[in-house]
Amino acid sequence: MSRFRVTAAVLLASLATSAVPDLAFAAESSISLDSPEAINAAVDQAANRGIEFLKNRGQGANGAFSPETGVAITSICVRAILDHHPGDVNSPSVKKAIDFITERVKPDGGIYGEGSKHRNYETSVAIGALVKANKDDRFDSELKRAEAFLKDIQWDEGEGIDASDPAYGGAGYGSHSRPDLSNTTFMLDALKDLGNEADDEAVQKALRFISRTQNLVGHGNDTEHADKINDGGFYYTPAAGGQSKVVVPEGDDGGGLRSYGSMTYAGLKSMIYAGLTSDDPRVAAAKDFIQKNYSLADNPGMGKSGLYYYYHTFAKALDAAEIRVLTDAKGVNHNWKRELTATLLAAQQEDGSWVNSGSTRWMEGDRNLVTAYALLALKYCRE
């Protein structure tokens with residue numbers, strides 16, 4: 001895209017029909033985003049404000065952020081802080097948060113709260129935090145054991161299933177309900193953070209599961225859902241009969257599991273981590289879906305539900321795919337880094353936090369979690 005100037009006020013006008021409230025603070029200032037220097041300065045300023053919110057208003061006396069989720073949100077917040085301020089690893093607030101995480105390392109190697117039904121999710125994001133904080137190899141032992149724990153609970157022969165089962169290779173929350181793409185993505189992020197390459201056995205098993213979550217016939221999805229939508233997008237899970245989180249309109253009897261934005265970006269990112277390249281039909285089909293459904297106003301197919309999870313996954317996937325400018329279905333070029341920066345600047349609250357004002361689904365009414373998601377997304381917006 002050619003050089004352009006984006007301001008918070010212009011963004012507000014462009015989003016006027018998108019039902020995005022609480023942007024009054026962003027409207028008060030006009031911020032130029034027409035150069036790498038301006039983008040990076042804006043990202044730094046927004047990140048500093050978000051981190052100050054987490055430290056001063058989001059953290060409890062025991063070091064945790066939203067501890068009702070076990071170590072999950074605390075870990076995501078730690079990772080978000082250290083992504084922008086790596087020197088904070090020895091700050092009192094981060095040290096207290098890390099202590100909260102490491103105190104929950106279990107004998108089985110997992111890192112999760114007592115009685116947790118989300119052992120994979122908690123352990124995966126805890127790994128992300130500890131890898132970032134692992135100065136002088138201080139957490140090598142905990143990380144090695146956590147890696148073994150994740151690989152052990154991955155759905156495979158150890159759970160009594162073989163490669164023909166739609167659940168094979170996936171990861172669930174960790175309570176042995178059924179695996180899904182979101183949790184499989186968290187597991188793969190953790191394995192990548194730990195240095196596992198694309199040819200790692202667990203990664204390749206996960207690729208088998210991921211391929212079955214894509215609406216694409218003939219390229220790994222051998223389930224009954226493969227050819228019913230066939231738009232190249234991804235849905236939540238092929239296991240236990242299959243599920244999408246998209247609500248099908250009343251009277252729509254077309255069948256199939258509907259694709260949606262956040263899972264499609266998660267699927268694309270995961271396939272790249274598993275070694276697929278841009279000429280693979282699965283990657284090409286995912287990119288085609290993304291081009292046809294490009295949006296920063298909504299999580300395509302889901303509206304405002306999971307919007308900040310979507311922003312984070314959107315940014316991480318496009319960075320992994322090495323896409324700088326994305327051309328949509330109308331032929332419009334999008335410098336997504338600048339557009340996402342403008343979107344997040346406009347949505348930042350006066351206290352420095354972010355919150356999903358359009359939906360509280362999937363805990364996006366929790367300012368700690370949503371602020372962390374926004375910070376994680378902003379990391380990939382730097383030029």
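The values are calculated or read from the model by the stated rules, or taken from the named source; none is laboratory data. Model, not experiment: these values are computed from the prediction. All Cβ positions, even for glycine, are placed from backbone atoms using ideal geometry, and neighbour counts span all protein chains on display. Calculation scope for accessible area: heavy atoms of the full protein, side chains included, ligands and nucleic acids excluded. Shrake-Rupley method; radii C 1.70, N 1.55, O 1.52, S 1.80 Å.
For the range 359-368, does any single residue satisfy the condition of being in contact with a helix residue (DSSP H, G or I) (Cβ under 9 Å, 6 or more places away or on another chain), in contact (Cβ under 8 Å) with a residue 24 or more places away in the chain and farther than 28 Å from Lys55 by Cβ?
No: the range 359-368 contains no residue that is in contact with a helix residue (DSSP H, G or I) (Cβ under 9 Å, 6 or more places away or on another chain), in contact (Cβ under 8 Å) with a residue 24 or more places away in the chain and farther than 28 Å from Lys55 by Cβ.
Out of contact with any strand residue (DSSP E or B) (no Cβ under 7 Å at 6 or more places or on another chain), among the aliphatic types (A, V, I, L, M), closer than 27 Å to Pro107 by Cα and not in a helix (DSSP H, G or I): does that describe Ile161?
In short, yes.
Out of Ala190, Ala167, report the one residue that is farther than 23 Å from Arg361 by Cβ, outside any loop (DSSP other than H, G, I, E, B), among the small types (Gly, Ala, Ser) and within 23 Å of the chain's Cα centre (by Cα). Outline the logic, then answer.
Numbers: Ala167 fails: outside any loop (DSSP other than H, G, I, E, B).
None of the others qualify; the one that does is Ala190.
For residues in the range 225-243 being open to solvent by 10 Å² or more (accessible area, probe 1.4 Å) and touching a helix residue (DSSP H, G or I) at 6+ places or on another chain (Cβ under 7 Å), which is nearest to Ala285 (Cα to Cα)?
Asp231
Out of the residues in the range 71-93 meeting the condition of being among the small types (Gly, Ala, Ser) and out of contact with any strand residue (DSSP E or B) (no Cβ under 9 Å at 6 or more places or on another chain), tell me which one is surrounded by the most Cβ atoms within 10 Å (Cβ to Cβ).
The selected residue is Ala80.
Can you tell me how many residues in the range 256-315 are of a type in the set (D, E, K, R) and within 18 Å of Ser244 (Cα to Cα)?
Matching residues across the range 256-315 total 3.
What helices (runs of 4 or more DSSP H), lying completely within the range 285-383, carry at least 2 residues that are farther than 30 Å from Asn230 by Cβ?
It comes to 336-347, 367-379.
Looking for something open to solvent by less than 60 Å² (accessible area, probe 1.4 Å), in a loop (DSSP other than H, G, I, E, B), more than 19 Å from Tyr173 (Cβ to Cβ) and at pLDDT 95 or above - is there at least one such residue anywhere in the range 201-208?
Restricting attention to the range 201-208, the residues satisfying the condition of being open to solvent by less than 60 Å² (accessible area, probe 1.4 Å) are 202-203, 205-207.
From the residues that got through so far, the ones that are in a loop (DSSP other than H, G, I, E, B) too are none.
No - not one qualifying residue is present in the range 201-208.
Looking at this structure, is Ser262 touching a Pro at 6+ places or on another chain (Cβ under 9 Å) and among the small types (Gly, Ala, Ser)?
Working: touching a Pro at 6+ places or on another chain (Cβ under 9 Å): yes; among the small types (Gly, Ala, Ser): yes.
The answer is yes for Ser262.
Taking Ser259 as the residue in question, decide whether it is buried (at least 24 other Cβ atoms within 10 Å of the Cβ) and part of a loop (DSSP other than H, G, I, E, B).
Details: buried (at least 24 other Cβ atoms within 10 Å of the Cβ): yes; part of a loop (DSSP other than H, G, I, E, B): yes.
In short, yes.
Can you name every residue in the range 272-289 that is more than 21 Å from Val325 (Cβ to Cβ) and open to solvent by less than 20 Å² (accessible area, probe 1.4 Å)?
Ala274 - this is the single residue of the range 272-289 that is more than 21 Å from Val325 (Cβ to Cβ) and open to solvent by less than 20 Å² (accessible area, probe 1.4 Å).
May I ask you to list the residues in the range 52-70 that are part of a helix (DSSP H, G or I) and either touching a Cys at 6+ places or on another chain (Cβ under 6 Å) or at positive phi (or both)? Working first, answer last.
If we filter the range 52-70 for residues that are part of a helix (DSSP H, G or I), which is where we start, we get 52-58, 67-69.
The answer is Leu54, and nothing else.
Return the residue satisfying two criteria in turn: it lies in the range 321-372 and is under 24 Å from Val247 (Cα atoms), under 18 Å from the mean Cα position of the chain (by Cα) and not β-branched (Val, Ile, Thr), and of such residues it is most open to solvent (accessible area, probe 1.4 Å).
Among residues in the range 321-372 that are under 24 Å from Val247 (Cα atoms), under 18 Å from the mean Cα position of the chain (by Cα) and not β-branched (Val, Ile, Thr), the one most open to solvent (accessible area, probe 1.4 Å) is Trp362.
Somewhere in the range 166-173, is a residue surrounded by 19 or more Cβ atoms within 10 Å (Cβ to Cβ), aromatic (Phe, Trp, Tyr), on the phi < 0 side of the Ramachandran plot and at pLDDT below 95?
yes
Would you be able to say whether some residue in the range 299-320 is surrounded by fewer than 19 Cβ atoms within 10 Å (Cβ to Cβ) and touching a helix residue (DSSP H, G or I) at 6+ places or on another chain (Cβ under 6 Å)?
Checking the range 299-320: at least one residue is surrounded by fewer than 19 Cβ atoms within 10 Å (Cβ to Cβ) and touching a helix residue (DSSP H, G or I) at 6+ places or on another chain (Cβ under 6 Å).
Of the numbered conditions (1) surrounded by 22 or more Cβ atoms within 10 Å (Cβ to Cβ); (2) at positive phi, Thr123 fails exactly one; give the number of that condition.
(2)
Output the number of the condition that Glu250 fails; it satisfies all remaining conditions of (1) in contact (Cβ under 8 Å) with a residue 12 or more places away in the chain; (2) open to solvent by 20 Å² or more (accessible area, probe 1.4 Å); (3) not small (Gly, Ala, Ser).
Answer for Glu250: the failing condition is (1).
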